[in-house]
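The values are calculated or read from the model by the stated rules, or taken from the named source; none is laboratory data. What you see is a predicted model; the values in this text were computed from it and never measured. Here the Cβ positions follow ideal geometry from the backbone for every residue, glycine too, while neighbour counts run over all protein chains shown.
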Amino acid sequence: MEPFVFTQLAARMVFGTGSLQLVAQEADQLGGTHVMLVHDAMAATAADTVATQLGSRLAVRWDEVAQHVPIELAERARQTATDGAVDLVICIGGGSSTGLAKAIALTHRIPILAVPTTYAGSEQTTIYGLTGERHKQTGKDHAVLPRTVVYDPALTVGLPCQISAASAFNALAHSVEALWATGCNPVTSAIALEGVRLIAHSLPIVVAAPGDLAARGDLLLGAAFSGMALGATAAGLHHKICHVLGGMFNLTHADAHSVVLAHVLAFNAPALPSEMDRLAQALGVPPGDVAGALWDLAVASHVPIKLSDLAGTGGPLQRGDLSLVADAAAAEVSTNPRPVTAADIFGLLEQAYDGLRPTAKTVARSGH
Ligand SMILES: NC(=O)c1ccc[n+]([C@@H]2O[C@H](COP(=O)([O-])OP(=O)(O)OC[C@H]3O[C@@H](n4cnc5c(N)ncnc54)[C@H](O)[C@@H]3O)[C@@H](O)[C@H]2O)c1
């Protein structure tokens, strides 16, 4: 066994159906007396419940959130937090709500209590992102790690099937890439593999029966583990590509993950034989074609599999945009299990653009 260092991030997890009822009590433990409640439109009912629990401790309610946290939005929310003398942010919603809470915590150094309603996993990381002129800037700061996370699977039951499945692929990507990302070690790999196992087991059930609360619980726990795995390691090639796609074209974050993951995996697989074996076991698929099996899972889950099907604020992604994405992603990638150039990234993006099933043969053709 190689020597390693693992730092456990200090966050409290409260997990269980109905745990929404415990939010105000958890907020008390964090000393919240002037609470800012951030939520997206879909979480309005859950936010109503929490607002009632908080009573006079609720200082500000904020329901404007946007993907990738535009800086202008963050600045307005921060000013509102200042005006309300806010000492705790509670966020209810997907990664976009958590992201806005993180933007506030970053400047105001106040704790976050997160109540996630998707599988994005941001609530388990010290990573924040802010988007300016077509560029998403990410950084790490312990101040943005939610101090308490309340997971209530009942809140995810209303998440539409396609958003659920794409979001689950976002979570899968965290765990998959954590198996070889900078900072990975036996602890993070154990967490990541359990995340993969839970997601692979529960996702087909959720797709077939979105109201299955037990499967929703397993998927949410798998997503929590995946967020922990991402939070304890570093973003690799796959995440860099997705951040560029999100920052440059404002593509839906989870959709970008569902399209790109299998192609990055196929590219890196030849350099990762033992990781692929363990991944195959966790996914419950035969070894040898893990990337293909992930692509099959994406098809069976009805998530996007073609970049050409994705559109952002400027309309559909064009084939001519791929070289821009490849260059920007290549400039951001510092380590990868095998050497990777902008041309390699362009090759795998082309396959993703056309929605081709990745195979070892395709990788060999597009390689160096
Ligand atoms: N910092 C990190 O560690 C990290 C990790 C993962 C993702 N992210 C960020 O999170 C963002 C994406 O998060 P996301 O994929 O959760 O998207 P999101 O928060 O934008 O939510 C996606 C959609 O689902 C809806 N929704 C959320 N919960 C719902 C529910 N329970 N029922 C019905 N509808 C619901 C939302 O209203 C929205 O329309 C991106 O900006 C991404 O960069 C950050």
Worksheet item: Can you name every residue in the stretch 140-158 that is more than 18 Å from residue 48 (Cα to Cα) and within 10 Å of the ligand (Cβ to nearest atom)?
Response: 140, 144, 145
Worksheet item: If we only count strands (runs of 3 or more DSSP E) wholly inside the stretch 1-94, which ones have 3 or more residues that are surrounded by fewer than 16 Cβ atoms within 10 Å (Cβ to Cβ) and within 16 Å of the ligand (Cβ to nearest atom)?
Response: none
Discussion item. Looking at the structure I just gave you, is residue 234 out of contact with any helix residue (DSSP H, G or I) (no Cβ under 7 Å at 6 or more places or on another chain) and not polar (S, T, N, Q)?
Written reply: yes
Worksheet item: Which condition breaks for residue 110 when tested against (1) more than 16 Å from the ligand (Cβ to nearest atom); (2) among the hydrophobic types (A, V, I, L, M, F, W, C); (3) surrounded by 23 or more Cβ atoms within 10 Å (Cβ to Cβ)?
Response: (3)
Worksheet item: Only one of these conditions is not met by residue 6: (1) assigned by TED's automatic domain parsing to the domain that holds residue 145; (2) touching a helix residue (DSSP H, G or I) at 6+ places or on another chain (Cβ under 7 Å). Which number is it?
Response: (1)
Worksheet item: Any chance the stretch 124-136 includes a residue that's assigned to a helix (DSSP H, G or I) and buried (at least 24 other Cβ atoms within 10 Å of the Cβ)?
Response: yes
Worksheet item: Filter the stretch 307-323 for residues that are surrounded by fewer than 15 Cβ atoms within 10 Å (Cβ to Cβ) and out of contact with any strand residue (DSSP E or B) (no Cβ under 9 Å at 6 or more places or on another chain); which is nearest to residue 219 (Cα to Cα)?
Response: 311
Worksheet entry | Answer from 82, 7 - the residue that is at pLDDT 95 or above and among the β-branched types (Val, Ile, Thr) | 82
Discussion item. Among the residues of the stretch 45-68, are any within 23 Å of the chain's Cα centre (by Cα) and at pLDDT below 95?
Written reply: yes
Practice prompt. Look through 300, 280, 311, 293 and report the one residue that is closer than 30 Å to residue 194 by Cα and touching a residue at least 40 places away in the same chain (Cβ under 8 Å).
Written response: 300
Fill in: Residues (of a type in the set (Asp, Glu) and touching a residue at least 24 places away in the same chain (Cβ under 8 Å)) located in the stretch 258-277
275
Worksheet entry | The listed residue being in contact with a strand residue (DSSP E or B) (Cβ under 6 Å, 6 or more places away or on another chain) and within 13 Å of the ligand (Cβ to nearest atom), out of 243, 257, 239 | 243
